[in-house]
Structure formats: C-alpha cells, structure tokens
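What follows is a single structure, written as structure tokens, with notes after it.
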Amino acid sequence: MKVHGRTRGGAARLALICLGALALGACTEQYPPPPPTPPSPPSPALVTTTKGQVRGVEDGPVIKFLGIPYAAPPVGALRFRAPEPRAAWSGVLNADKPGPLCPQNAGAPGAQAQDRTEDCLYLNVWRPAGTVHDLPVLVYIPGGAFVLSGGSGINGSALAADQHVIVVTFNYRLGILGFLASPALDNGSADSGDYGIQDVGAVLRWVKDNIAAFGGNPDNVTLGGESAGALMTCMSAVSPDTRGLFQKMIVQSGPCAFNWPKLQAQYRPEEEVLAALHCDVGSPQQVAACLRSPKLTAADFLNAQKSLGRRIMWGPSVGGSVLPEQPATAIGSLPTLMGFVKYELIPGFYSFQGKLGDGTPNPANETEYLSALETQFGAHASAVAQEYPLDRYRTGNLALNTITADKPGVLGICTDVKTFGIAQRSGKAPLYAYEFDDPNAPPVLGGQGGPVHVSNQQYVFPHRPLPAASQSLSERMIAYWGNFIRDGNPNGEGLARWPRYEAPADVLQLVPYAIRPGIDVNAAHHCMFWDRLDG
C-alpha cells in the first residue's frame, strides 16, 4: 500500500535514517523549493533623474512631483549669473511639496511672507497615473509682471489627466534679482539683465534630459505662458539659450510684437538700484562684489525694489547675448496658439464701476470724460473720444478701460492683433488665434470678475469650481489646448472648428455655449484707428 506515493516500508526506512541523522542536522525530505516571490513592480511615483531619484505623490488620476531642483541655488558668486547645474543627491528626494517661490513682495498666488530665499529654482511635474511613455509635454511659465510669480500657483492636474499630457511649471528669478542690467555684471558677452530668461533655458534643458523618465517625449515640447510668461515664451523663440528646445508655443495675453528696451538703455535707470543698495561706488569689480555679497539679503533687494516703485518696470532687455533681437522676429516661426481676453485690464487696479485703482473718478459726463482722456492722450484726447463715444458704454470707467485694453502696449490688444498679422504674412507655421470673453469669469487676484487679464488661465488650469456655463467652456478649452500640445492643431472631435488665422475674422471667440470664429477683431478693437494715431 502506498502512502502519498511511497510504500510503508520505504517510509519506515526513511524514519530510521532520519533518527540516526538528526544529531548531524542532515535529514530533509527532498521536496521542490517554493517558487520565488515575484518582485514588486516599480512604483510609477519613483523616477530616476540625471541628478538622483525623486518620489512623487499619487493623487487620483495623476502623479505629481513637486519641488524638484533644476539648477544650483543662485546665491553668492552665482547671484546675477546664468544658472549652473544642480549637484547630484544621494538617496531619494521626496517631491511632495513645492519649493519656495523666488523672492517677491506679497501678492502672487501662493506667495508667503517666508518666500525670501534665493534658493528657489524648483520645478513641478504632473503626469497621468499608470504606465506612460512618449507623452507630449507642456512647459508653462506663470505670469506676474516679472515681479510676482511661482510654479506652485498653477495646478496641472486637470490638463494632465484629461488630455493625457505632461505639465511642467517652475519658479524663475524676478525683479532686481532676475533682471538687473549693469555693465558691472557683464561677463564680457553682454548677458546681464536676463537671468529670468536664462532660467527658462535651464528648465528646458532639464526637460530635454529628464522628461522621458517621467513618460514624456523630449522632442514634443510646447512652451507656453500667461502675461509675463507669454512674453517670455516669445523671447525664448529668439534666445540662443532656448531656441530649438521646444517645438510649439502657447501665448496667452502677451503680444510677441511688443518691442523691449535695449540692454544699454537699461543701464542708466537701473543705476538707481545700485544707489539704493549702496553698491554704486568703486570699480566694476567692486560693484559686482558688493551686489553678490552675502551681506545683501533677499529682503534688501525687495526693499530696494519697493522703494523705487514704478520708476523702473522690471523685465528683460534686448541686444545682449541672451536676447540678441526683438521677439517679434520669431513670430510665425513655430506653430502657435495665441490670444487675449476682451478687456486686457490688470485685476485689482481697474474697475468697471466707481473709481479706477489710481483714484481717477468715474467720468459722469462728456466734460469729465474728455478731461480724463487728456491726462493720458494730451492733444489726441478729442480724437480718442470720437472713436470711443461715451454714450456707447455703461459707465465712463468702462469706456476708459476699453480704451486702455485696446491701445497698443505691452498688454495692448492691438499689439496682439499686430502679432496675428505678422504671423499670417510670414506663412511659415500655423497660428490659431482666440479672444476670451466669458462675462461670468470668477474674480482673479483679488480684482473683479469678467474677461479681464489672466482670467482665462483658471479655465485651462482650474483650481476651484466654475459656474456651469463657464465649466463647459473650461472643458472645451482644455480639449483645444490638449490637442494643440499633442500635434500643433487645436481641432478635434466634438469641438467647434478653429480656423488657421488668415484674416481678422479667423479669431475664435471663446464664449460659453457659443464658441465660434467670425468677429473682425481688428475692427472690434479699433486697431486701424490706433495705427493712424501712432503713425
């Protein structure tokens, strides 16, 4: 009789042998070893970069990696210089919270009183959950007039999850620390004053070297931004530091056709900064050493910036090695999605009712209206009043705000329209133009609601619930943006057709439940009038 495949006699003999061998510990029954435990699959939240491993946070449909350093801290000898590579780290970097914002006075989304450290060159990555590879990438530059900004003010989750793309945001140097131009800081190639632009280049190089590890395609990168971020996107298309590192552009409320001051022209007004910091005496080498001295803290730079007020408008300058030419020269060179909001007004400064942020009273009649125009346009006030008759507007301030939004300038809609025309005439690459006009857009930056400056950013990067009609518009905008990030064309199934810009009526009107092209923006914003006035 067998017992489990053995005879009773055989089992007895094995038992005797085992009893004899127990003292030697040499008796085991020869069963096959258990199969090895399969290794756990690698966590998609653990990524190896060129500088070390980072661990992100799984957050529903996305994995987010927050606070990854992309360059060395620009402190000490590296202050007022191009960004240097970050040193590698050992172990795993927990990328679970954003890095500190670059030094700025209070006012930016997410800015805290403690944002006073110059060790601020950090980026954030959002990618869809699961195993992904070769996804298109959006590198997004937040705005803030070159003095307020931070990548943590943007949430890339919705765009990444809904459109299956990777979103990268980042901090860059601001104000004096990002844009001080001085011969004392020139390294021999006329590169002072554009450190913030050089930070963009460092981010794009980081993306080139690392984004494949996150599941992205380093050869399908869109650079985009809002306001100052849009303007920096335009500049990056002409900068040798960044050109060729991205293939498409998204430009929101930042006309590429604006002409920036020349580098040498910035030297004289920015001498005031040296005086405010008590670094205006000595040889160029001594001035540079003073500016880079650890005795000067981030707070000292911010206090100097605040004391100078609006006498110096911070931003890049053109003519040096970083920006050798005006960004207008790059218009039409890459596929571009570009547009503006109906009232390009700074939230919190302008108001459709009551007083303007500078205290200008609401004009109640023609005399007060003309008087308000004279302060801005002098001898041209009557011509402007005829072009924008007071009786066409609900309030006098609405008329004044419409004029301010339309007229050419760094945020002027007619400069956007000029940009459209340059791109169309170049014929090199497609331009898809839009005007955002949701009258129920929620307030931004403590200002009023409606289609004012930066109000459309919250539709592409939603961070709070929107009204039902606005939510529907947001979903369509996310789809348009996602399509463009993928292949340079915003059109797709279920969306109103967005024509390539060939004429002023080819601008898509982003209006709730009524998305369509067909309005001549040149005429609607009086751009021919402004051309004649400037001529």
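What residues qualify as long-range amide H neighbours of residue 62, i.e. H under 5 Å apart, gap of 5 or more or another chain, H built at 1.01 Å from N?
Distant-sequence amide H within range of residue 62: 129.
Ordered by packing density, taken as the mean number of other Cβ atoms within 10 Å over each peptide's residues, highest first, how do 281-292, 238-249 rank? Present the calculation step by step, with values, prior to reporting the outcome.
On the way: 281-292: 14.6, 238-249: 19.4.
Packing proxy ranking, top to bottom: 238-249, 281-292.
Report, in listed order, any pair from 64/342; 306/418; 208/428 with a Cα-Cα distance greater than 29 Å.
64/342; 306/418
Cβ neighbours within 10 Å, averaged per peptide: list 136-148, 89-101, 427-439 in order, most packed at the top. Kindly include the intermediate steps, with their values, before the conclusion.
Numbers: 136-148: 24.5, 89-101: 16.2, 427-439: 20.2.
Taking the mean over residues of other Cβ atoms within 10 Å, the ranking is 136-148, 427-439, 89-101.
Could you rank 475, 272 by how accessible they are, 1.4 Å probe, largest area first?
475, 272
Please report the carbon-and-sulfur percent of the accessible area for the chain; probe 1.4 Å, protein heavy atoms only, DNA, RNA and ligands left out. Intermediate values should be presented prior to the final figure.
Numbers: 12680 of 23170 Å².
Carbon and sulfur: 55 percent of the exposed surface of the chain.
Hey, can you rank 295-304, 215-224, 457-466 by average C-beta count inside 10 Å, highest first?
Working: 295-304: 16.0, 215-224: 21.1, 457-466: 18.1.
The peptides rank, most packed first, as 215-224, 457-466, 295-304.
Order 393, 172 by their accessible area, 1.4 angstrom probe, all chains in place, largest first.
Values: 393 50, 172 5 Å².
Largest accessible area first, the list is 393, 172.
Which aspartates and glutamates, on any chain, are close to residue 51 with Cα under 20 Å apart, when same-chain ones fewer than 8 places away are left out?
Within reach: 84, 96, 119, 199, 209.
Go through segment 146-162 residue by residue and turn each phi into a ³J(HN,Hα) via Karplus (6.51, -1.76, 1.60, θ = phi - 60°); whole Hz please, and just put x for glycine and proline.
In residue order, the calculated couplings are 6, 10, 10, 5, x, x, 6, x, 10, 10, x, 4, 4, 5, 5, 6, 6 Hz.
As I understand it, the value is the acute angle between the Cα axis of helix 468-487 and the longest principal axis of the Cα atoms of the chain; what does it come to in degrees, rounded to 10?
70
Relative contact order, percent, of the chain when contacts are C-alpha pairs under 8 Å separated by at least 6 residues? Intermediate results must be reported in sequence, preceding the final value.
Values: 1108 pairs, mean separation 64.1, N = 535.
Relative contact order here is 12 percent.
The values are calculated or read from the model by the stated rules, or taken from the named source; none is laboratory data. Computed from a prediction, not measured in an experiment: that's the story for all the values here. Neighbour counts are summed over all protein chains in view; Cβ atoms, including those assigned to glycine, are modelled from backbone coordinates with ideal geometry. Side chains are part of the model used for accessible areas, which takes the heavy atoms of the whole protein and leaves out ligands, DNA and RNA. Shrake-Rupley method; radii C 1.70, N 1.55, O 1.52, S 1.80 Å.
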